[in-house]
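We did not get these values from a lab; they are worked out from the coordinates using the rules stated. On a predicted model such as this, the values are computed, not experimentally measured, just so you know. Please note: Cβ atoms are built from the backbone with ideal geometry, for glycine as well, and neighbour counts cover all protein chains shown.
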Amino acid sequence: MKALVKYAYEDGALEVRDVREPAAGPGTVLVRIHTVGVCGSDVHMWHNSQSASSKGVLPVTLGHESAGIVAAVGDGVSGWVVGDRVVCETAASICGVCALCRTGRYNLCPWREGYGLKRDGAMAEYVVAEPRVLHRIPDGVDFSTAAMTEPYAVAYNAVVERAHVAPGNLVVIQGAGAIGINALQVALLEGAATTVVLGTGIDAHRLGIARELGATRTVDVTAEDPLELLSTLHDGLGADLVVDATGVSGALRQSMELVRPAGAIAKVGWGPQPLGFSLDPLVKKAVTLYGCYSHTWTTWENVLRLFASGQLRPERILGGVYPIEEWEEAFSAMQHGRNIKSVLRMPFCLESEAAR
């Protein structure tokens, strides 16, 4: 089968290969992938600029934003049948017995192995999954939308489950990529009164979409000082919540400047760079800093329900659909700001469309 494989810790060491097709063993399900989203972390893996904690095993098939159908069911699996439309969580393997797993916080399991990092991921024709990570795609939700469940779940975890936006809040979002724009949508659903999305010159297209989705203001931080803008909003004391969705370590310094006393920062983006600055403003302002990592079963179910009810706008962040052979164009379009989100289509999708 075709798979997009990272084969070395070098810039550009990524290619489509023919690899052995996996099989459903006891207690597992084989999923035939229809559509898979490209994550910013995949782009970093392409250029070998990922954080040290994001290095797993090699060679490894990338991809953790998948949607497809059940192709085979292994022995001992019940509740799933061939043809079920599914999305698959990212936690390919967990220990199941540590205190975190036992209390439902398996996303934080120290022995967790994620797709596209320590387990072969979904940028392939097939992937093997344990039934515990599968969710049914609601009727009326297409595969392209379903494949974006994971990045919406990341945003939902940060804005709802960790930092808790309240109606009337002023929310600042650093970063106009998929996670930032998704966080904007969730913050608006939660009742944020004023939303400000920050980007750079490369984000002109993406900031425009942010405005279309309801952002009160957007700021190119290379041309305008967001701190001056915030001094004119609400009571002038700063943001109730700052969401760092940049993946740049230095963004935390700006977060501490923008957040109001007793406010909160939800740090979602990973950054490999050392900080090189003091965290004293967190103390002086009595700010709560939330680390926001991954998601759990409930997060995914809530996002899928919001897709089904039409309360989220995934179609506005989908910038391009590409066959797996055109992965480099899909990745580049996100890297250079042309797309908020790119998705890859597997041969199964193309075969399905040809049969219509």
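Show me the three semi-axes of the equivalent ellipsoid for the chain, from the C-alpha gyration tensor (sqrt of 5 times each eigenvalue), largest first, rounded to whole Å. Please list the in-between numbers first.
Values: eigenvalues 233, 87, 81 Å².
They are 34, 21, 20 Å, listed from largest to smallest.
For the chain, what is the percent of antiparallel DSSP beta bridges, rounded to the nearest 5? Please report the intermediate quantities before stating the final value.
Details: 31 of 59 bridges.
Bridges in the chain are about 55 percent antiparallel.
For the stretch 153-291, what number results from the quotient of the Cα radius of gyration and 2.2 N^0.38 Å? Write down the numbers at each step before the final one.
Details: Rg = 13.4 Å, N = 139, 2.2 N^0.38 = 14.3 Å.
So the Cα radius of gyration is 0.93 times the expected 2.2 N^0.38 Å.
Could you work out the mean projected area of the convex hull around the alpha carbons of the stretch 106-210, in square nanometres to one decimal? Write out the running numbers ahead of the final one.
Details: hull surface 35.9 nm².
Result: a mean projected hull area of 9.0 nm².
Averaged over all directions, how much area does the convex hull of the C-alpha atoms of the stretch 29-104 cover when projected, in nm²?
Numbers: hull surface 27.9 nm².
For the stretch 29-104, averaging the hull's shadow over all directions gives 7.0 nm².
For the chain, find the longest principal axis of its Cα atoms and tell me its angle to the long axis of helix 178-189, 0 to 90°, nearest 10.
Once rounded, one gets 70 degrees.
Based on the Cα atoms of the stretch 250-312, what semi-axes does the equivalent ellipsoid have, where each is the square root of 5 times one gyration tensor eigenvalue, given in whole Å with the largest first?
30, 14, 10
Have a look at V159, V60, V82 and tell me which one the Gaussian network model of the chain (Cα, springs below 10 Å) gives the largest fluctuation.
Checking each option, the largest mean-square fluctuation is seen for V82.
Could you calculate the contour length gain from L189 to R105, that is, 0.36 nm times the residue separation minus the distance between their Cα atoms, to one decimal place in nm?
27.8 nm
State the Kirkwood hydrodynamic radius of the stretch 279-334 in Å, one decimal place, computed from all pairs of distinct Cα atoms. Please list the in-between numbers first.
Working: mean 1/r = 0.0647 Å⁻¹.
With all distinct Cα pairs of the stretch 279-334 included, I get 15.5 Å.
Would you mind giving the average projected area, over all directions, of the Cα convex hull of the stretch 147-196 in nm² with one decimal?
Working: hull surface 12.0 nm².
With the hull built on Cα positions only, its mean projection is 3.0 nm².
Can you figure out the FRET efficiency of K55 with H234, using R₀ = 35 Å and their beta-carbon distance, to the nearest 0.05? Each step should come with its number before you reach the end.
On the way: r = 42 Å, r/R0 = 1.20.
After rounding to 0.05, the efficiency reads 0.25.
Helix 297-309 against the longest principal axis of the chain: what's the angle in degrees, Cα atoms only, rounded to the nearest 10?
80
Go through 61-71, 250-260, 89-99 and give me the packing order, highest mean Cβ count within 10 Å leading.
61-71, 250-260, 89-99
Taking the beta-carbon count within 10 Å as an exposure proxy, list D244, D203, D225, D42 from fewest neighbours to most.
Values: D244 30, D203 24, D225 11, D42 27.
In order of increasing Cβ crowding within 10 Å: D225, D203, D42, D244.
Where the only charges are on Cβ atoms (+1 Lys, Arg; -1 Asp, Glu), what is the dipole of the chain about its Cα centre, to the nearest 20 debye?
Working: 30 positive and 38 negative charges, 153 e Å.
Dipole of the chain, to the nearest 20 debye: 740 debye.
Do you know the relative contact order of the chain, to the nearest whole percent, from alpha carbon pairs under 8 angstrom that are 6+ apart? Could the numbers behind the result be given before it?
On the way: 818 pairs, mean separation 63.4, N = 356.
This gives 18 percent for the chain.
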